């Protein structure tokens, strides 16, 4: 993986903190809308992480595959993952 590991680790640690906070909110019977807002915030961070990883994949792995003459396989991988994301 050639993505920015420090950035990804920082984002994942933030998401972990949010998930722990969400669990605590549930234990404390906090207001549902507040919990839902925090869930969406955690999802947004995970989306950022995924985007960073996919960006790095396209800039490196896919580019290299095309240079080696087998880029179609990598493009199909990207299409498959995008289909999963938008289900």
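The values are calculated or read from the model by the stated rules, or taken from the named source; none is laboratory data. This structure is a prediction, so every number in the text was calculated from the model and none was measured. Here the Cβ positions follow ideal geometry from the backbone for every residue, glycine too, while neighbour counts run over all protein chains shown.
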Quiz item: Can you find a residue in the stretch 66-75 that is at pLDDT 95 or above, touching a helix residue (DSSP H, G or I) at 6+ places or on another chain (Cβ under 7 Å) and either assigned to a helix (DSSP H, G or I) or loosely packed, with under 13 Cβ neighbours inside 10 Å (or both)?
Solution: no
Quiz item: Out of all the residues in the stretch 38-52, is one or more surrounded by fewer than 12 Cβ atoms within 10 Å (Cβ to Cβ), out of contact with any helix residue (DSSP H, G or I) (no Cβ under 7 Å at 6 or more places or on another chain) and not in a helix (DSSP H, G or I)?
Solution: no
Quiz item: Does residue 56 satisfy the criteria of being surrounded by 12 or more Cβ atoms within 10 Å (Cβ to Cβ), part of a helix (DSSP H, G or I), under 19 Å from the mean Cα position of the chain (by Cα) and modelled with pLDDT of 95 or more?
Solution: no
Practice problem: Given the conditions (1) more than 17 Å from the chain's Cα centre (by Cα); (2) surrounded by 16 or more Cβ atoms within 10 Å (Cβ to Cβ), report the number of the one that residue 18 does not fulfil. | Solution: (1)
Quiz item: How many of the residues making up the stretch 29-66 are closer than 17 Å to residue 15 by Cβ and free of Cβ contacts under 8 Å to residues at least 12 places away in the same chain?
Solution: 7
Quiz item: Among the residues of the stretch 9-28, how many are in contact (Cβ under 8 Å) with a residue 24 or more places away in the chain and farther than 19 Å from residue 49 by Cβ?
Solution: 0
